[in-house]
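S.K.: Before I ask anything, here is the structure I am working with.
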Amino acid sequence: MDADNAHRDIRIAVIGAGFGGLCAAMKLDERGYRNLTVYDRAPDVGGTWQANTYPGAACDAPSHLYSYSFDQDVDWSYRFAHGPEIQRYLGRCADRAGLRHRIRTDTEVTRADWDGGEWALTLGDGSVERADVLIPALGHLCVPVYPPLPGRADFAGDVFHTARWNHDVDLRGKSVAVIGTGSSAIQTIPAIADTVGKLTVFQRTAPYVMYKLDAPYTERTHRFYRRFGFARKFARGAIWGYFEFFNYAFWRFPGAMALLRRVHGRQLRKRVSDPALRAALTPDYAIGCKRILLSSDYYATLNRPDVDLVTEPITAITPKGVATATGTHEVDVIVFATGFETSEFLSSIEIGGRDGKTLREQWSERAAAYLGLAVPNFPNMFLIWGPNTNLGAGSIVSMIETQAEHIVRAVERIAESPGTTVEVTTEAYDAFLGEIRAREPKTIWAGCDNWYRDEHGNDIHNWPGSMRDYRNRTRRALTPHYRVTAPTATESHSASGSDVG
Ligand code: NAP
């Protein structure tokens with residue numbers, strides 16, 4: 001089909017204005033699809049970077065890689081950009097692409113239903129809008145979770161989650177408890193240690209924290225990169241290759257991770273001299289099984305006399321503080337750095353497919369999608385950062401770009417004639433899921449408790465392979481994995497069927 005004659009006026013609804021939703025919108029806009037709306041319940045673009053404003057929020061992948069390959073013209077302040085700068089970058093990308101007027105912030109989509117050949121989106125105010133293509137781009141980490149500890153509502157002081165930081169609470173001189181020692185905690189703990197009067201960190205499992213080789217970029221480096229664009233590309237490529245090595249190691253050569261574990265042990269010995277504290281900070285599971293964290297000041301902060309590490313399990317929150325078996329740690333403020341609801345995908349929105357079956361029902365045993373992108377019975381719906389497309393190492397932006405390109409190809413088919421549907425076949429879905437299931441037990445993530453698993457023990461989040469492998473697979477022809485149905489004739493394409501891919 002001649003792309004210029006395609007029916008580019010089809011209505012496209014993207015849910016989420018973070019890295020994923022904006023990427024899909026920009027790629028579709030570039031191909032001429034202008035009847036496109038991006039919905040986000042937040043007041044601004046940015047997704048996770050809009051929501052996570054806790055002190056110290058920063059990226060743990062280098063910014064050259066944690067940015068769109070097609071928008072590299074940016075002078076990052078640091079090797080690992082801080083949250084507000086990433087948020088500004090995304091806003092700037094939306095402006096440069098001329099997308100702002102198609103982004104509806106403060107607009108929540110509460111449900112979406114496949115209704116007579118189109119998607120009906122119900123918004124928070126009860127109104128209904130219609131679209132030919134639905135692209136949920138909500139991410140894995142958008143609903144903050146509090147552990148089920150009794151007494152939280154009775155706490156007399158201030159309490160909030162890192163993902164909903166309460167900037168009205170003045171922490172100066174206060175006694176503060178931080179619960180959790182994951183990615184968010186290890187960034188915020190050093191960032192608030194100088195401000196608070198006393199800090200108590202509650203650790204359930206010791207994380208592997210590797211030294212973060214961060215540094216500000218100088219004006220000279222900026223000038224160099226501006227002048228020699230290829231150097232920026234080279235830097236990006238080198239970082240990509242570095243992380244790609246770990247993506248192979250995670251599932252093919254877990255033995256290679258032993259070396260990294262030794263490096264961590266050496267770093268811990270160098271930075272924490274107190275043997276008891278060091279023992280408490282030593283992880284007891286295979287490195288890489290939970291996310292490897294990066295920080296240059298976390299261990300140093302725990303050495304401070306005004307910072308305590310508590311490893312006793314928390315039994316309850318009391319009006320005065322955090323209780324363990326041996327007593328209550330009295331504090332003025334409790335910060336929950338306890339992560340997100342990850343056992344259910346797209347939990348904040350109900351999606352009804354063909355014959356009224358909801359995605360929740362379809363996923364009752366486990367969340368899955370063909371290449372993390374498409375689900376049978378949900379025609380013309382494509383997920384960004386869907387099940388099993390998270391990375392253990394590297395930049396999720398690479399995966400997102402690959403997915404957006406795949407979606408553009410599917411949309412080109414849908415646009416060929418009004419009413420066309422593109423739907424993944426059950427065979428392709430089942431075969432893909434079978435492959436994921438077969439690889440899963442061999443990965444490094446199978447060996448411990450982590451947020452990648454659902455309540456049945458399935459790893460529904462991580463891609464058990466390399467970024468390159470994923471990219472190659474998403475670039476294959478759409479058929480025979482998808483069924484393309486035109487309104488007048490049904491085509492079940494064979495491998496030799498026509499395909500823009
Ligand atoms: P997380 O990694 O899930 O960490 C939650 C922490 O809370 C863990 O240490 C967990 O301990 C602890 N916890 C949960 N319940 C507890 C309880 N009852 N008592 C004591 N501790 C408890 O959450 P997160 O730090 O928000 O990070 C989630 C993901 O977001 C990361 O893995 C990463 O992908 C992403 N993230 C990325 C960045 C970045 O720099 N790009 C920054 C922040 C977050 P256990 O380990 O024992 O479960």
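The values are calculated or read from the model by the stated rules, or taken from the named source; none is laboratory data. None of these values were measured; they are calculated from a predicted model. Every residue, glycine among them, receives a Cβ derived from its backbone with ideal geometry; neighbour counts consider all protein chains shown.
S.K.: Scan the range 172-179 and tell me whether some residue there is touching a strand residue (DSSP E or B) at 6+ places or on another chain (Cβ under 7 Å), buried (at least 22 other Cβ atoms within 10 Å of the Cβ) and assigned to a loop (DSSP other than H, G, I, E, B).
M.R.: Within the range 172-179, not a single residue is touching a strand residue (DSSP E or B) at 6+ places or on another chain (Cβ under 7 Å), buried (at least 22 other Cβ atoms within 10 Å of the Cβ) and assigned to a loop (DSSP other than H, G, I, E, B).
S.K.: A further question follows. Any chance the range 295-317 includes a residue that's touching a Gly at 6+ places or on another chain (Cβ under 7 Å) and within 14 Å of the ligand (Cβ to nearest atom)?
M.R.: Yes.
S.K.: Still on this structure: Can you name the number of the only condition in (1) at pLDDT below 95; (2) within 16 Å of the ligand (Cβ to nearest atom) that His456 fails?
M.R.: Tallying (1) at pLDDT below 95; (2) within 16 Å of the ligand (Cβ to nearest atom), His456 fails exactly one: (2).
S.K.: Which one of these does Thr301 not meet: (1) in contact (Cβ under 8 Å) with a residue 40 or more places away in the chain; (2) over 25 Å from Ala215 (Cα atoms); (3) surrounded by 15 or more Cβ atoms within 10 Å (Cβ to Cβ)?
M.R.: For Thr301, the exception is condition (2).
S.K.: Does the range 18-37 contain any residue that is within 16 Å of the ligand (Cβ to nearest atom), at pLDDT 95 or above and in a loop (DSSP other than H, G, I, E, B)?
M.R.: So far as the range 18-37 goes, yes, one or more of its residues are within 16 Å of the ligand (Cβ to nearest atom), at pLDDT 95 or above and in a loop (DSSP other than H, G, I, E, B).
S.K.: Still on this structure: Only one of (1) touching a residue at least 12 places away in the same chain (Cβ under 8 Å); (2) surrounded by 12 or more Cβ atoms within 10 Å (Cβ to Cβ); (3) under 30 Å from Val333 (Cα atoms) fails for Asn247. Which number is that?
M.R.: Against the list (1) touching a residue at least 12 places away in the same chain (Cβ under 8 Å); (2) surrounded by 12 or more Cβ atoms within 10 Å (Cβ to Cβ); (3) under 30 Å from Val333 (Cα atoms), Asn247 comes up short only on (3).
S.K.: Among (1) touching a residue at least 24 places away in the same chain (Cβ under 8 Å); (2) over 17 Å from Ser67 (Cα atoms); (3) among the hydrophobic types (A, V, I, L, M, F, W, C); (4) surrounded by 13 or more Cβ atoms within 10 Å (Cβ to Cβ), there is one condition Phe224 misses while meeting the rest; what is its number?
M.R.: Only one criterion is unmet by Phe224, namely (1).
S.K.: Among the residues of the range 440-470, which ones are assigned to a helix (DSSP H, G or I), in contact with a strand residue (DSSP E or B) (Cβ under 6 Å, 6 or more places away or on another chain) and of a type in the set (D, E, K, R)?
M.R.: Glu440
S.K.: Tell me the residue from Leu373, Leu383 that is within 21 Å of Ala438 (Cβ to Cβ) and among the aliphatic types (A, V, I, L, M), please.
M.R.: Exactly one residue qualifies, and that residue is Leu373.
S.K.: Take Phe345 and tell me if it is part of a loop (DSSP other than H, G, I, E, B), within 16 Å of the ligand (Cβ to nearest atom), in contact (Cβ under 8 Å) with a residue 40 or more places away in the chain and of a type in the set (A, V, I, L, M, F, W, C).
M.R.: yes
S.K.: Any residue at all in the range 120-139 that is within 11 Å of the ligand (Cβ to nearest atom), closer than 30 Å to Thr420 by Cα and part of a loop (DSSP other than H, G, I, E, B)?
M.R.: Yes, the conditions are met somewhere in the range 120-139.
S.K.: Still on this structure, I have one more. Test of understanding: among Asp75, Asp60, which residue is more than 16 Å from the ligand (Cβ to nearest atom) and either assigned to a loop (DSSP other than H, G, I, E, B) or surrounded by fewer than 21 Cβ atoms within 10 Å (Cβ to Cβ) (or both)?
M.R.: It is Asp75.
S.K.: Now for a separate question. Which residues, counting only those in the range 181-220, are assigned to a loop (DSSP other than H, G, I, E, B), more than 16 Å from the ligand (Cβ to nearest atom) and either among the hydrophobic types (A, V, I, L, M, F, W, C) or within 16 Å of Leu277 (Cβ to Cβ) (or both)?
M.R.: Val196, Ala215, listed by residue number.
S.K.: Same structure, new question: Condition first: within 13 Å of the ligand (Cβ to nearest atom) and outside any loop (DSSP other than H, G, I, E, B). Now tell me which residues in the range 140-159 satisfy that.
M.R.: Across the range 140-159, the qualifying residues are Pro144, Arg152.
S.K.: Filter the range 430-450 down to the residues that are buried (at least 21 other Cβ atoms within 10 Å of the Cβ) and either over 21 Å from the mean Cα position of the chain (by Cα) or of a type in the set (Lys, Arg) (or both) and list them by number.
M.R.: Phe432
S.K.: For Ile407, state whether it is touching a Cys at 6+ places or on another chain (Cβ under 9 Å), in the same structural domain as Asn472 (by TED's automatic domain parsing) and modelled with pLDDT of 95 or more.
M.R.: no
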